[in-house]
Amino acid sequence: MKILLILLSVLIGGRAEFDRTVHDFGTISQADGPQHCVFTVTNTGDEPLTILSAITSCGCTNVKWTRSSLEKGQKGTIEVTYSNEDGPFPFDKTVTVYLTDRKKPVILHLRGVVK
């Protein structure tokens with residue numbers, strides 16, 4: 001699978017530009033319930049761009065992403081939900097995003113402190 005993703009990223013793809021790669025929730029309470037954030041990716045290249053996969057670092061995060069190819073100038077999203085069921089502690093969760101424009105994935109971070 002990894003070889004296929006690398007091959008696809010070399011052969012196909014636009015150019016991905018993320019609005020940010022870190023989302024800091026700050027200090028939150030367990031009583032606040034699940035926390036959501038959205039990362040936006042824009043295709044700034046001339047070729048179509050596809051988010052191939054988005055993999056979370058643990059079962060406490062869920063992810064949904066734009067499945068259709070993004071044409072030049074189009075935006076897609078990676079929506080992440082942190083369950084916020086454990087704590088209290090600081091957290092730094094990751095989402096590994098594979099795209100058609102690069103050989104290496106982009107790592108997105110969710111950070112904060114649960115009180």
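Could you please report the charge total around residue 30, scoring K, R as +1 and D, E as -1 over all other residues with beta-carbon less than 11 angstrom from its beta-carbon? The answer is -2. Panel values: the chain, Kirkwood radius from alpha carbon pairs, Stokes-Einstein at 10 °C and 1.306 mPa s, translational diffusion coefficient 108 µm²/s.
Ordered by packing density, taken as the mean number of other Cβ atoms within 10 Å over each peptide's residues, highest first, how do 100-108, 18-26 rank?
In descending order of packing, they fall as 100-108, 18-26.
For the pair residue 81 and residue 115, a Förster radius of 22 Å applied to the C-beta separation gives a FRET efficiency near 0.70, rounded to the nearest 0.05. With r defined as the distance between the Cβ atoms of residue 71 and residue 32 and R0 fixed at 35 Å, what FRET efficiency is calculated, to the nearest 0.05? Computed FRET efficiency for residue 71 and residue 32 comes out at 0.40.
Legend: calculated FRET efficiency, residue 17 to residue 62, from the Cβ-Cβ distance at R0 = 25 Å, rounded to 0.05, equals 0.55.
From the helices alone, meaning DSSP H stretches of at least four residues, give me the mean residue ellipticity at 222 nm for the chain, per-run term -39500 (n - 2.57), in deg cm²/dmol to the nearest 500.
That calculation yields -2500 deg cm²/dmol at 222 nm.
Helix 2-11 and the longest principal axis of the C-alpha atoms of the chain enclose an angle of approximately 50°.
Readers should treat all values here as calculations from the given coordinates under stated rules, not as data from a laboratory. Given the structure is predicted, the values throughout are model-derived calculations rather than measurements. As a convention, Cβ positions derive from the backbone with ideal geometry for all residues, glycine included, and neighbour counts pool all protein chains shown.
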